[in-house]
Amino acid sequence: MISLHINRLRTATPQLWLNPERGVAAQSGDAALVDAAGMLAAQSRVARFAPLLAQLFPELAASQGHIESDLLVMPQLQQALGLPREHGRLWVKADHSLPVAGSIKARGGFHEVLEQAENLALQNGLITLDGDYRTLAQPTARALFGQHQIAVGSTGNLGMAIGVMAAALGFRAVVHMSADAKDWKKQRLRQHGVEVVEHSGDYERAVESGRQQAKADDRCHFVDDERSLSLFLGYSAAALHLRDQLKTQGVLVDAEHPLVVYLPCGVGGAPSGIAWGLHQLFGAHVHCFFAEPVQSPCFLAHLLSPPGSHYSVYDYGLTNQTEADGLAVPRASLLAAQIMRPLLAGIFTVADDTLFTHLALAHDTACLRIEPSAAIGFSGPGLLRSSALACPGANHIVWTTGGLLIPEVQYQGFLQQARHG
């Protein structure tokens, strides 16, 4: 069976892989460093900053500085996707509309920047944990932050989250962007005062270059998407809000009402953080699937490779070229893979043409304005039609990534490609 999945991987054939190690493998290494207390601490930290964020970003005034997305039930889109009601209900966790950064990466990215700002402010006596964080908008705090740099390597969305938040607080913000990053994302970062360093290579090379440059500056904090516990815990806190949203909607999660979640996967930090958080809350009743492009399935490539190896998609003859630019990553995060090996329900891969088809369906049936990478999860429920998870009590949640900030010309181009090829 492994050879069949590897053959489909090599030939860029869409497939569904079910994890044989779920509930069997033991967490190891850095996986033991994450716990529920860390998830709650991340939630509390972002909440402490809410009054300051409402002051810094006008779009957060209505939410009083809280950054969250809606949970939307999607009956018309469910019908358009050919998913019978007796197989459960389809929902969208609309991270494509997260304010300020406009993507799922706002969760972890904002958290790590805020944690760095909080640590510096506490060390320098500018705040107390129970104090008013709005003082961090004052000249004294901004002068302190201005002596420090925050850097990250990114294909686009994480760079947007890190760069915009760091610059807003007064840090010197640097984003190392790979060749597949969209020009409009680079331009938007520069408009916010962020230094963008462009690299001719892929995501992995951009991250490594940024990592090496940061080592030479003891006042530079490098946000390492492949290794960061702070990012991971920031993402995990999304599970707490989703739990509350499900309760408000009257949605049960138990053996007869399984929660099935479809998460876009690049390097793996964001989906792993969210999936891990959901497992802390719902245990065996939540089933998380990662969705990857057929040319960039780095997480599947890692889990299908021999123990102790760290294969990339290039090792399987793939190109790592996809219109889902935020998911164009050649090698999975080892931290994320360690944590998810005993928890992940499975992985499915999707062709780019399908991304555009589903992007247009989401627009036409539900007025969802998403980028191609955010459409990748909609293939998941159909792949599970013959499984026990396709049952009347099931709730299928497709987690979207980016879309809010896409320029209109770019978005219309996506729709045109979906409809005319």
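Table for the structure above
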| quantity | calculated |
| --- | --- |
| Top-ranked residue of the stretch 352-365 - restricted to ones that are surrounded by fewer than 20 Cβ atoms within 10 Å (Cβ to Cβ) and not charged (D, E, K, R), ranked as farthest from the chain's Cα centre (by Cα) | 365 |
| Of the criteria (1) modelled with pLDDT of 95 or more; (2) under 26 Å from residue 416 (Cα atoms); (3) buried (at least 22 other Cβ atoms within 10 Å of the Cβ); (4) not charged (D, E, K, R), which one residue 295 fails | (3) |
| Residues being at pLDDT below 95 and more than 21 Å from residue 243 (Cβ to Cβ) - total across the stretch 101-141 | 4 |
| Spans of helices (runs of 4 or more DSSP H) in the stretch 93-179 with at least 1 residues in contact (Cβ under 8 Å) with a residue 60 or more places away in the chain and β-branched (Val, Ile, Thr) | 105-123, 157-169 |
| Condition broken by residue 81, with the remaining ones in (1) among the hydrophobic types (A, V, I, L, M, F, W, C); (2) open to solvent by 20 Å² or more (accessible area, probe 1.4 Å); (3) within 21 Å of the chain's Cα centre (by Cα) satisfied | (3) |
| Test: residue in the stretch 137-150 that is closer than 24 Å to residue 236 by Cβ and either loosely packed, with under 14 Cβ neighbours inside 10 Å or of a type outside the set (Phe, Trp, Tyr) (or both) | yes |
| Per-region count, the stretch 285-321, residues without any contact (Cβ under 8 Å) to a residue 60 or more places away in the chain and farther than 28 Å from residue 243 by Cβ | 14 |
| Residue list for the stretch 274-292, restricted to those being surrounded by 24 or more Cβ atoms within 10 Å (Cβ to Cβ) and touching a strand residue (DSSP E or B) at 6+ places or on another chain (Cβ under 8 Å) | 274, 275, 278, 287, 288, 289, 290, 291, 292 |
| Members of the stretch 246-263 that are touching a Gly at 6+ places or on another chain (Cβ under 6 Å) and either assigned to a strand (DSSP E or B) or open to solvent by less than 10 Å² (accessible area, probe 1.4 Å) (or both) | 257, 262 |
| Residue list for the stretch 379-394, restricted to those being in contact with a Leu (Cβ under 6 Å, 6 or more places away or on another chain) and buried (at least 24 other Cβ atoms within 10 Å of the Cβ) | 381 |
| The stretch 151-166 - residue that is touching a Ser or Thr at 6+ places or on another chain (Cβ under 9 Å) and of a type in the set (Val, Ile, Thr) and, of those, surrounded by the fewest Cβ atoms within 10 Å (Cβ to Cβ) | 155 |
| Hits in the stretch 58-91 (condition: among the hydroxyl-bearing types (Ser, Thr, Tyr) and under 17 Å from residue 366 (Cβ atoms)) | 69 |
| Candidate set: the stretch 372-421, residues that are of a type in the set (S, T, N, Q), part of a loop (DSSP other than H, G, I, E, B) and closer than 19 Å to residue 156 by Cα; chosen: the one modelled with the lowest pLDDT | 401 |
| Test for residue 103: is it buried (at least 24 other Cβ atoms within 10 Å of the Cβ), in contact with a strand residue (DSSP E or B) (Cβ under 8 Å, 6 or more places away or on another chain) and of a type in the set (S, T, N, Q) | no |
| Qualifying residue in the stretch 184-196 (condition: among the small types (Gly, Ala, Ser) and not in a helix (DSSP H, G or I)) | yes |
| The lone exception for residue 319 - which of (1) open to solvent by less than 10 Å² (accessible area, probe 1.4 Å); (2) at pLDDT 95 or above; (3) of a type in the set (Val, Ile, Thr) it fails | (1) |
| Residue in the stretch 61-69 that is among the acidic types (Asp, Glu), touching a residue at least 40 places away in the same chain (Cβ under 8 Å) and either part of a loop (DSSP other than H, G, I, E, B) or closer than 27 Å to residue 241 by Cα (or both) present | yes |
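The values are calculated or read from the model by the stated rules, or taken from the named source; none is laboratory data. No experiment lies behind these values; they were computed from the predicted model shown. Glycine gets a Cβ as well: all are built from the backbone with ideal geometry, and neighbour counts include every protein chain shown. Accessible surface areas use protein heavy atoms only, side chains included; no ligands, DNA or RNA. Shrake-Rupley method; radii C 1.70, N 1.55, O 1.52, S 1.80 Å.
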